[in-house]
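In what follows, a structure is listed as structure tokens, so that the remarks can point back to it.
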Amino acid sequence: MDDKPANQLTPQEAPAIPKNGNSAPKNIPLIRLIELRKKGLSFSEIGQLLGCSMQDAQQRLAPFMEAIEHLPAIKEHRADLLTVYGHTMLATLSAGDIQKASAYQRVGMAGLLHNMERLERGQSTANVSVADYTAKLVDLRTERERLEAALGGPITDESEVIDV
């Protein structure tokens, strides 16, 4: 039988906290803490719900408080933040830092940051073959013409399409 309260995640379900010297119990579910805090619950109320002390809940959430308080702005400007952090990381690397990293690490990180930024901006992160898509469109048009001929006229409503 499971002795865990229904409102508490297992330690494996709770994301790890940053390594910043924080000694809060890692079995306090971070996702649940964030949800409850966003609902306006006090740390005392959160502690009671999750079966821990107010201090434990506060310590577990402390490294993330600034991000949680600014979450809507962070989400809205995520692509710009990635660009700024990427630029800062690259601009602050010294020649010695770069020499310490393998070429694989340097190229990989630059590519990763570039793709993350493009993804956040709604741009493609993969090479797209226009020829492939053009060929698919031609195939679709040919199939539509075949269906229209079989139906005896143009397809004007999706409900008229016959699943072949």
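Side notes on the structure shown:
- Proximal charge balance of H70 [Cβ under 14 Å; K/R count +1, D/E count -1]: 0
- Karplus-derived HN-Hα couplings along segment 53-59 (A = 6.51, B = -1.76, C = 1.60, θ = phi - 60°), whole Hz, x at Gly and Pro: 7, 4, 5, 4, 4, 5, 5
- Karplus-derived 3J(HN,Hα) values for segment 134-149, using 6.51 cos²θ - 1.76 cosθ + 1.60 with θ = phi - 60°, are 5, 5, 5, 5, 4, 4, 5, 4, 4, 5, 5, 4, 5, 5, 5, 5 Hz; glycine and proline are entered as x.
- Of T83, T88, the sequence from fewest to most neighbouring Cβ atoms within 10 angstrom is T88, T83.
No value in this document is a laboratory result; all are computed from the given coordinates. Quantities reported herein were computed from a predicted structural model and do not represent experimental measurements. FYI the Cβ positions are ideal-geometry reconstructions off the backbone, even for glycines, and counts take in every protein chain you see.
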